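Step one of this worksheet: look at the structure below.
The values are calculated or read from the model by the stated rules, or taken from the named source; none is laboratory data. Remember, it's a predicted structure, so these values are computed and weren't measured experimentally. Please note: Cβ atoms are built from the backbone with ideal geometry, for glycine as well, and neighbour counts cover all protein chains shown. For accessibility, only protein heavy atoms count, side chains too; no ligands or nucleic acids. Shrake-Rupley method; radii C 1.70, N 1.55, O 1.52, S 1.80 Å.
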Amino acid sequence: MDILLIGSGGREHALAWKIAQSPLVRRLVCTPGNPGMAAVAECVPTPADIPAYAKKEGFDLVVVGPEQPLADGLADSLEESGIPCFGPKREAARVETSKAFVKDLCEEAGIPTARARSFTEADAAKAYLSELPGPWVVKADGLAAGKGVVIAEALEDAKSAVDDMLGGEFGEAGSTIVIEEFLEGEEVSLFAITDGETVLPFGSARDHKRAFDGDEGPNTGGMGAYAPPGNLPEALERRAYDEIIRPALAALKSRGTPYKGVLYAGLMLTADGPKLIEFNCRFGDPEAQVLMRRLRSDVVPTLWGAATGRLGGVGLDWMVEACTLVVMATKGYPGSYEKGSEIRGLAEAEAQGLVIFHAGTKQDGDRLLANGGRVLNVTAMADTPQAAAEAVYEGIGAIEWPDGFYRQDIGVGV
Ligand code: AMP
Ligand code: GLY
């Protein structure tokens, strides 16, 4: 099988790493890819017309890593060209691209989630905020690269967030905002793969989104992860699939917009049970990386099955070991940061048994340079997340990168 993989982050490196191990694969091309992916696959610049390129090259399957191409309708245009795509069509991808859409879907399907209201007008939004107890949660409706959420401890800060978002901070994505009830509890990320009919539970992981130790500091795309998550016993996981994921997929199907690909539910484990924080229309990053490392089965039959309506009968086998991942980011991230600093010592860290997935890196001759906010993902497997964390933190010292930083507490004490 010839596979085209879209994306260039740690999530896509992990997918490429896993897909490349499949005996079913003859050719794997990543676009645009990154230097890590170039070690396991062929990388090409993003073609102007992906369906035309995929058709010309004869790919049997296109796997879409990030949300933006799905929001732009890549799965729709691939389907029109007759090319199987792992990832939902535009209308189903609205589970991620519109928070108001999700709130509607939750109401229709009886899915537990935070109470919420949408606003396009600042005065009405602020009046509503004043009626709620804090902390206050203000969100841009559309895609804002993970940055469109403000959790304010002070009412004044929540009101400023309303002004900023409706004032154009996130452009069109913030022209509608959602104000919602604050949910108390621990978070967990839950995944399911579906072909629109069959639902294949794909496990869970814990992600740490805040920049600094102790879950302090600004929200980021994710600073570390581990699986299994420890806070989601099997019975609770089953309940989350039954109360959240399955009803959402059934509602999308009955609306005539069946979902295909991976559905990622960000959950809050509250005193009243799991509640939905958000859906995403793609794998989590970094969660996908710990999932790919723990998956013993070949991932290709699952991706292919979801893309072609043949997921029935596909089973999954997971390793018993846990995986912990620590993100190395450029100092300053998620604010502004410099690009271009040199990174050394990856081979030394890998020699200690670590697997390192690249995100924002760039090859310059034989030098590896930082080229983004989240730059490297350092992973280890061991009997428990804590033991895997110890292995990561022992080996990460071999990586020489003075301009980078990482959290010291991922998987520690869990
Ligand atoms: P989102 O982009 O919707 O996932 O929000 C980013 C992060 O904000 C989540 O991972 C949570 O940590 C936090 N968050 C979002 N909504 C809520 C809520 N209603 N209550 C508490 N925390 C929330
Ligand atoms: N890990 C958070 C995300 O992928 O959105």
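Can you give the net charge of the other residues whose Cβ lies under 15 Å from the Cβ of K18, counting K and R as +1 and D and E as -1? Summing Lys/Arg as +1 and Asp/Glu as -1 gives -1. Shape analysis of region 15-78 places it in the prolate category; the axes a ≥ b ≥ c from the Cα gyration tensor give an a/c of at least 1.5, with a/b above b/c. Residues whose amide H comes within less than 5 Å of that of T361, counting only those at least five positions distant or on another chain, are N371 (H built at 1.01 Å from N in the peptide plane). Close amide H partners of V63, meaning residues 5 or more places away or on another chain with modelled amide H under 5 Å apart, are L4, L5, I6, F86.
Under a 5 Å amide H cut-off, with hydrogens placed 1.01 Å from N, V414 pairs with Q386 among residues at least 5 apart or on other chains. Using a probe of 1.4 Å on the protein chains alone, the accessible area found for H208 is around 20 Å². Would you look at the GNM of the chain, springs on alpha carbons closer than 10 Å, and say which of I244, I193, I399 moves the most? Sorting by GNM fluctuation, first place goes to I399. Across region 294-414, counting alpha-carbon atoms alone, Rg and Dmax equal 17.0, 49 Å. Reported value for region 184-270: 111 Å³ per residue, from the convex hull of its C-alpha atoms. Remark: C-alpha extents of the chain on the principal axes read 57, 48, 44 Å, sorted largest to smallest. The stretch between Q363 and E394 holds 8.6 nm of extra length on full extension. This uses 0.36 nm per residue minus the Cα-Cα distance.
Give me the Debye-computed log₁₀ of I(q)/I(0) at q = 0.21 Å⁻¹ for region 130-190, equal point scatterers on Cα only, no solvent, two decimals. Computed log10 I(q)/I(0) values: -0.80.
Going by a ≥ b ≥ c, the root eigenvalues of the Cα gyration tensor, does region 133-256 fall in the rounded group (a/c under 1.5), the prolate group (a/b larger than b/c) or the oblate group? Oblate, because a/c is 1.5 or more while a/b does not exceed b/c. For region 181-187, putting each phi into the Karplus relation 6.51 cos²θ - 1.76 cosθ + 1.60 with θ = phi - 60° gives couplings of 4, 7, 9, 9, x, 9, 9 Hz, in residue order, rounded to whole numbers and with x for Gly and Pro. Where is the GNM fluctuation largest for the chain (alpha-carbon springs, 10 angstrom cutoff): A124, A161, A192? Maximum among the listed residues: A124. Here the peptides 336-343, 366-373 are ranked by packing, the mean other Cβ count within 10 Å, and the order with the highest first is 366-373, 336-343.
Listed by chain and number, the lysines placed with their C-alpha closer than 20 angstrom to that of K275 are K99, K103, K139, K209; residues fewer than eight positions away on the same chain are left out. The phi-based Karplus calculation (6.51 cos²θ - 1.76 cosθ + 1.60; θ = phi - 60°) puts the 3J(HN,Hα) values of region 121-127 at 10, 5, 4, 5, 5, 5, 5 Hz, whole numbers, x for Gly and Pro. Centroid-to-centroid, using Cα positions, region 347-414 and region 246-294 are 27 Å apart.
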